[in-house]
Amino acid sequence: GASEYHGVDGELSVTDPIAPATISQRFVDAAVAFGYNYNPDFNGMEQEGVGMYQLTIKDGKRHSAATAFLVPILQRPNLTVTTGALVTRLLFEGTRTVGVEYLHEGLLHQVRVNREVILSAGAFDSPKLLMLSGIGDAAYLQALGVSVVADLPGVGQNLRDHILIPVAYQATQNLYPASTSSIAEVGLFLHSQSNLEAKPDLQFFFGPNLFVPPGYPHPDWAFTGAVSLTSLENIGSVRLKSLDPKDAPMFQMNYLQSDADAQKLVFAIKLMRELIHTSFLNEFRGAEIAPGADVISDEALVAYIRNNCSTVWHPVGTCKMGTDPMAVVDPELRVYGVQGLRVVDASIMPTITTGNTNAPTIMIGEKAADFIKAGTQSTIPNKFNISNPVHSSV
């Protein structure tokens, strides 16, 4: 039901797992026995603790942002959706954004706007399109032969992500994972030993499924407890591969440049192993698949982490919101230095959340809708003349 943290009549369906696997429930019991608090709602008052992940599922299917917000309004007369199109650049008259150019079925098209352009291409392609259109670090763009519209050195910088490494085991029996559940049913948010901040910096995933790096065995029955570092010391960047809009951008993630980050994951793997080796999972636990029972020392675990860590597909930050010299958008998501342009996606996050980015990104879209409807795009935003001082510290 409705609460201080959840509504009941919104467009997006948010549910608790209907029938979590028995082994998932046992993992919760193991973590509680280890001293972690049971948390029935990671999106409530406290994030830390162990519990089941909430899901955006409706009628047994993933309830995506498109399904929840876009599909129901496709018939509106003031909405046109073109699929299979590639935006090639933004169009400007001076510093005013007047439209976009896009490629569709082999032909270039231009569409003009009366009010503003909303760029929502994500943490990789939003900065790519800005740079292709002349918004970015002036020296960098000039070296590429791009005419500069706005000198914003923060475009493409501040790339942040979460990384993950699995701890997987053979199962002694069929675990009957539900086809309508998620690959990881249980979550645990916690502090690493060196984390003195209030927010947790480690996130665990656990479920009756197997996900391992390439080259590891794939038995019929298995389960995985993956560990994720939610706050990395190093940040990355996005740059243009070429001036051809069809080319994907280049990006440098800079994962694990800090030994401290690697050591946090070593601690996390050891803890995950301890939880899995409690009596609560005895009837399910077979041989360790990854890293492998012979991977014991800190040095061996660091090598496993560096060779096999992967993204959690949570890239953010490359068009960050703020008022500092590296900010790209203001507190109302308007791009500095130009008129009629906002960025509305995860790229505007100044820092990364200590958890999945799905819900925060949807929230960004919801808040942006309020700004857009309010028509707050009358002047060029200025980092040193923020119209809403309540947000000036973001």
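Assorted remarks:
- Residues within the stretch 1-28 that are closer than 18 Å to LEU275 by Cα and out of contact with any strand residue (DSSP E or B) (no Cβ under 9 Å at 6 or more places or on another chain), tallied: 2
- Among the residues of the stretch 306-359, those that are of a type in the set (D, E, K, R), without any contact (Cβ under 8 Å) to a residue 60 or more places away in the chain and not in a loop (DSSP other than H, G, I, E, B) comprise ARG306, ARG334.
- Selection of the stretch 6-38 for residues being in a loop (DSSP other than H, G, I, E, B), more than 20 Å from PHE223 (Cβ to Cβ), in contact (Cβ under 8 Å) with a residue 24 or more places away in the chain and not small (Gly, Ala, Ser) yields HIS6, GLU11, LEU12, VAL14, ASP16.
- Residue in the stretch 15-38 that is nearest to the chain's Cα centre (by Cα), counting only those that are under 30 Å from ALA66 (Cβ atoms) and surrounded by 17 or more Cβ atoms within 10 Å (Cβ to Cβ): PRO17
- Some residue of the stretch 39-55 being without any contact (Cβ under 8 Å) to a residue 60 or more places away in the chain, in the same structural domain as HIS191 (by TED's automatic domain parsing), in contact with a Gly (Cβ under 6 Å, 6 or more places away or on another chain) and surrounded by fewer than 17 Cβ atoms within 10 Å (Cβ to Cβ): yes
- Qualifying residues in the stretch 152-202 (those that are assigned to a loop (DSSP other than H, G, I, E, B) and of a type in the set (A, V, I, L, M, F, W, C)) - the one modelled with the lowest pLDDT: ALA178
- For the stretch 258-305, the candidate set comprises residues that are among the small types (Gly, Ala, Ser) and in a strand (DSSP E or B); within that set, the residue that is surrounded by the most Cβ atoms within 10 Å (Cβ to Cβ) is ALA290.
- The residues listed here are ARG62, ARG76; of these, the one that is of a type in the set (Lys, Arg), closer than 30 Å to PHE206 by Cβ and out of contact with any Asp or Glu (no Cβ under 7 Å at 6 or more places or on another chain) is ARG62.
- Close contacts from the stretch 108-121, counting a first residue that is without any contact (Cβ under 8 Å) to a residue 40 or more places away in the chain and a second that is surrounded by 14 or more Cβ atoms within 10 Å (Cβ to Cβ) and in a strand (DSSP E or B), with Cβ to Cβ under 6 Å and a gap of 6+ residues or different chains, come to HIS109/TYR102; GLN110/GLY99; GLN110/GLU101; VAL111/GLY99; VAL111/VAL100; ARG112/VAL98; ARG112/GLY99.
- Number of positions in the stretch 47-81 that are assigned to a strand (DSSP E or B) and in contact with a helix residue (DSSP H, G or I) (Cβ under 9 Å, 6 or more places away or on another chain): 6
- Taking first residues from the stretch 76-104 that are on the phi > 0 side of the Ramachandran plot and exposed (fewer than 10 other Cβ atoms within 10 Å of the Cβ) and partners that are modelled with pLDDT of 95 or more and of a type in the set (Lys, Arg), no Cβ contact under 7 Å between residues at least 6 apart in sequence or on separate chains turns up.
- Taken together, ALA198, ALA184, ALA168 contain a single residue that is farther than 18 Å from ALA19 by Cβ, surrounded by 15 or more Cβ atoms within 10 Å (Cβ to Cβ) and small (Gly, Ala, Ser), which is ALA168.
- Unmet criterion (only one of (1) outside any helix (DSSP H, G or I); (2) within 24 Å of ASP345 (Cα to Cα)) for LEU141: (1)
The values are calculated or read from the model by the stated rules, or taken from the named source; none is laboratory data. Everything numeric here is computed off the predicted structure, so don't read it as measured data. Counting neighbours? That spans all protein chains shown, and the Cβs are built from the backbone with ideal geometry, glycine included.
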